[in-house]
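Please read the structure below before turning to the comments.
The values are calculated or read from the model by the stated rules, or taken from the named source; none is laboratory data. The model shown is predicted, which means the values in this text are computed figures rather than measured ones. Ideal geometry is used to build each Cβ from the backbone, glycine not excepted, and the neighbour counts take in all protein chains shown.
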Amino acid sequence: MAPGRHTLQDINETLSFSSNTTWVRGSHALKFGYGLMHARLNQANSPILHLHFDGVTAGLQANGANLPNTGITFAGFLSGYVRQAVFNKELTSWLRDRMFTAFIQDDWKSHPA
């Protein structure tokens, strides 16, 4: 996995149900119905661990500071000396939403067919 990259898991689901009815009576055509939609949006980011090995094998000055341009980062990795470790915890969201719809429509004709 490339540095700074992490996995993202998306699991989304939408369930819907609807029903419509037409009723004709004389010069009126009544249409009515309803709908229900339930959405689930699940998202999880995997934790990230950053390990920094730079400067741990560098030569030291008399005051204890690192000597510039010395040391090999890969040598710090092989020897297991870690200068800094940053761990980001998992971020998750579990969103839910429900939507209801309803309608009534009257088509009226002045002269029935």
Tally of residues being surrounded by 10 or more Cβ atoms within 10 Å (Cβ to Cβ) and either without any contact (Cβ under 8 Å) to a residue 24 or more places away in the chain or among the charged types (D, E, K, R) (or both) across region 76-90: 5
Those residues of region 3-26 which are at pLDDT below 90 and either hydrophobic (A, V, I, L, M, F, W, C) or assigned to a loop (DSSP other than H, G, I, E, B) (or both), in sequence order: 3, 4, 5, 6, 7, 8, 11, 26
Residue in region 94-113 that is nearest to residue 36 (Cα to Cα), counting only those that are part of a loop (DSSP other than H, G, I, E, B) and either in contact with a helix residue (DSSP H, G or I) (Cβ under 8 Å, 6 or more places away or on another chain) or not aliphatic (A, V, I, L, M) (or both): 109
Single unsatisfied condition, residue 30 versus (1) surrounded by 13 or more Cβ atoms within 10 Å (Cβ to Cβ); (2) farther than 30 Å from residue 110 by Cα: (2)
Tally, over region 91-101, of residues that are of a type outside the set (Phe, Trp, Tyr) and surrounded by fewer than 10 Cβ atoms within 10 Å (Cβ to Cβ): 3
Some residue of region 103-113 being at pLDDT below 75 and not assigned by TED's automatic domain parsing to the domain that holds residue 21: yes
Subset of region 60-93 (residues that are in a strand (DSSP E or B) and farther than 30 Å from residue 42 by Cβ): 60, 66, 84
